[in-house]
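Peer 1: Let me give you the structure first, and then I'll get to my questions.
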Amino acid sequence: GQSLEQPSEVTAVEGAIVQINCTYQTSGFYGLSWYQQHDGGAPTFLSYNALDGLEETGRFSSFLSRSDSYGYLLLQELQMKDSASYFCAVSYTGFQKLVFGTGTRLLVSP
Amino acid sequence: IAGITQAPTSQILAAGRRMTLRCTQDMRHNAMYWYRQDLGLGLRLIHYSNTAGTTGKGEVPDGYSVSRANTDDFPLTLASAVPSQTSVYFCASSDSRHNTGELFFGEGSRLTVL
């Protein structure tokens, strides 16, 4: 089946920059999304890349390289509230039926 | 602004019982989805619906059924619950006319099957 790989956990300190990588299978790839989920909460949408390059939204940026089947989420000026799980998700069909990665737990310490 | 409403928030259920998880959206999105989330496994798609009157199977459809009688409602039914269906269930919706990769999620329904 289609699968995505991302690290299970990343730790960082407040004010730092962290990058969460995601690799995916290429067959039928359409776009890469990123979601944030706090413990006990619902996933919330952060960003979407359909074309190569960097998309910036405030402190968060997302990058895609279709030739490398690779993307990443970049979080800058980390804050304690950024401690959460981050999921990459791929749409393979051109329709928004997303396949999610298993998530990266980000722990931000003072 | 309601968005997506799921009910119940949590439920404990005896194995073998029938259970329906409700999901209603007020955004007039054409597409709706049901995901389950288990520790270490991320979110897995159970069933989806591209538009009212149509449904499709996701990655883990066995033991579940859905219906989409209208745009707003997308209930998920467990005909005969088993302990392996203990999970957190998320309903989501999207406007597939604009492929932005964005799903809108409900707050989830935590189901425990004993």
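The values are calculated or read from the model by the stated rules, or taken from the named source; none is laboratory data. Here the structure is a predicted model, which means the values were calculated and not measured. Counting neighbours? That spans all protein chains shown, and the Cβs are built from the backbone with ideal geometry, glycine included.
Peer 1: Residues to consider are A:Ser85, A:Ser67; find the one that is out of contact with any Cys (no Cβ under 9 Å at 6 or more places or on another chain) and modelled with pLDDT of 95 or more. So that I can check it myself, show each step before the final result.
Peer 2: Details: A:Ser67 fails: modelled with pLDDT of 95 or more.
After applying the criteria, what remains is A:Ser85.
Peer 1: Having 2 or more residues that are facing chain A (nearest Cβ under 10 Å) and of a type in the set (S, T, N, Q) is the bar; report the strands (runs of 3 or more DSSP E) wholly within region B:59-114 that clear it.
Peer 2: On the way: elements: B:64-66, B:76-78, B:87-94, B:109-113.
By residue number, B:87-94.
Peer 1: Going residue by residue through region A:62-72, is there one that turns out to be on the phi > 0 side of the Ramachandran plot and not in a loop (DSSP other than H, G, I, E, B)?
Peer 2: Pass one, region A:62-72, residues on the phi > 0 side of the Ramachandran plot: A:69.
Going one step further and asking which of them are not in a loop (DSSP other than H, G, I, E, B), we end up with none.
Scanning region A:62-72, I find no residue that is on the phi > 0 side of the Ramachandran plot and not in a loop (DSSP other than H, G, I, E, B), so the answer is no.
Peer 1: Assuming B:Ala79 fulfils every condition listed in (1) in contact with a His (Cβ under 9 Å, 6 or more places away or on another chain); (2) farther than 26 Å from A:Ser33 by Cα apart from one, which condition is it?
Peer 2: (1)
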